[in-house]
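Quick notes on the structure that follows.
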Amino acid sequence: ELCGVRPKWAEQSSDKRITGGHEAKPGSWPWMTSIFVTGLGEYFKCGAALISDRWVITAAHCTIANIGPILAAASKYPEMLKVRVGEHNLDQPEGTEEDLNVKKVVLHPKWDIGVENTPNGKQIYSKHDIALIELSSPVNFTSNVKSMCLDNGQLFKAGTMCYIAGWGTKKVKGPATRILHEAALPLVSHEQCNGPKSYSGVIGGNLICAGYKQGGVDTCEGDSGGPLMCQGDGKRWFLTGVASFGHIGCGVPYKYGVYTRVVNHLQWISQVTGMDLSQPQVDYIPLIT
């Protein structure tokens, strides 16, 4: 099963490079995964990406959730999460979905959230905000369910148009959409992302930024934990970032979406999952403009 291959019709429909967000076509991002918190009632928590038949990748902060009044950690109670693949409309069964139980949740050992004082005031940051979820049983791959390739050091330069997709639950105004949306947005250099109007130096090498300088309220299409997807050689799609903080694809000028940089975490991913990620690694300085 080749990773990172979208249906042919989906490739053709995405060429328009629409900058604002819009509804995705069902099945067009077959590795998009939704994470639900179960327990007292069930609710949608985060986006994620399927990287093999048994493993899903998301943000570490997505694995801490409220069950009633209690804040619980899925690394301790994996049964509190449920994973759904093949999803399009959160409210409607379409026959393409598969629900899976979670066997294990592994957080990056150096995950950290904090606030840093910068010359431009306090700035929130997150480090190594990445988690791996092992499923209790393997996913059935179908035309709507496929795995995504991991960015193994392809040089995606600043300005490269990539995509985010999600159920848009982080809308600044108005209700969350319950249907998968997508938006194209450019990668942003570290220099630009660390500018005084942006993140004032808290963006380190393990992070990657994407979005528009002018913001744009119509691009709140990403979810926390969801994938930043870039198209590499041979038209295959690579998981370049995992949505962590900032206004993820959302409409605040200079506040780019900030993503955990996958290529810097490959060794850890390989250790945890046992996946062979020994494709040629390219050592490079990230995102030189």
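For the range 124-148, give me each residue that is within 13 Å of the chain's Cα centre (by Cα) and not in a loop (DSSP other than H, G, I, E, B). Hits for the range 124-148 are A131, L132.
Of everything in the range 202-235 that is within 17 Å of the chain's Cα centre (by Cα) and among the charged types (D, E, K, R), the residue that is modelled with the lowest pLDDT is E221.
In the condition set (1) surrounded by fewer than 16 Cβ atoms within 10 Å (Cβ to Cβ); (2) at pLDDT 85 or above, A49 is compliant with all but (1). Kindly indicate whether any position in the range 70-86 is touching a Lys or Arg at 6+ places or on another chain (Cβ under 7 Å) and of a type in the set (V, I, T). No, the range 70-86 has no match at all.
Of everything in the range 161-186 that is part of a loop (DSSP other than H, G, I, E, B), touching a strand residue (DSSP E or B) at 6+ places or on another chain (Cβ under 7 Å) and crowded, with 17+ Cβ neighbours inside 10 Å, the residue that is modelled with the lowest pLDDT is T169. For the range 105-120, filtered to residues that are within 21 Å of the chain's Cα centre (by Cα) and in a strand (DSSP E or B), the residue that is farthest from S270 (Cα to Cα) is G114. The set of residues in the range 63-90 being charged (D, E, K, R) and surrounded by fewer than 15 Cβ atoms within 10 Å (Cβ to Cβ) consists of K76, E79. Of the residues screened, P93 is not one that is closer than 25 Å to C149 by Cα, assigned to a loop (DSSP other than H, G, I, E, B) and not charged (D, E, K, R). In the range 105-146, of all residues being of a type in the set (D, E) and in contact (Cβ under 8 Å) with a residue 60 or more places away in the chain, the one that is surrounded by the most Cβ atoms within 10 Å (Cβ to Cβ) corresponds to D129. Here V102 meets the list (1) surrounded by fewer than 18 Cβ atoms within 10 Å (Cβ to Cβ); (2) assigned to a strand (DSSP E or B); (3) not hydroxyl-bearing (S, T, Y) almost entirely, failing just condition (1).
Looking only at residues in the range 272-284 that are surrounded by fewer than 12 Cβ atoms within 10 Å (Cβ to Cβ) and either small (G, A, S) or modelled with pLDDT of 95 or more (or both), the one that is farthest from M229 (Cα to Cα) is G274.
Of all residues in the range 33-81, those that are under 22 Å from I269 (Cβ atoms) and not in a loop (DSSP other than H, G, I, E, B) total 21. Taking interchain pairs and intrachain pairs at least six residues apart, which have beta carbon atoms under 7 angstrom, with the first residue in the range 190-201 and at pLDDT 85 or above and the second basic (K, R) and buried (at least 18 other Cβ atoms within 10 Å of the Cβ)? These pairs meet every condition: S198/K255. Residues that are in a loop (DSSP other than H, G, I, E, B) and modelled with pLDDT of 90 or more are absent from the range 9-20. For the range 187-196, a residue qualifies if it is touching a strand residue (DSSP E or B) at 6+ places or on another chain (Cβ under 6 Å) and surrounded by fewer than 19 Cβ atoms within 10 Å (Cβ to Cβ), but none of them does. Remark: V202 falls outside the filter, which requires a residue to be part of a loop (DSSP other than H, G, I, E, B) and closer than 22 Å to L90 by Cβ.
The values are calculated or read from the model by the stated rules, or taken from the named source; none is laboratory data. Predicted, not measured: the structure shown is a model, and the values here were computed from it. Cβ sites come from the backbone with ideal geometry, for glycine too, and all protein chains shown count toward neighbours.
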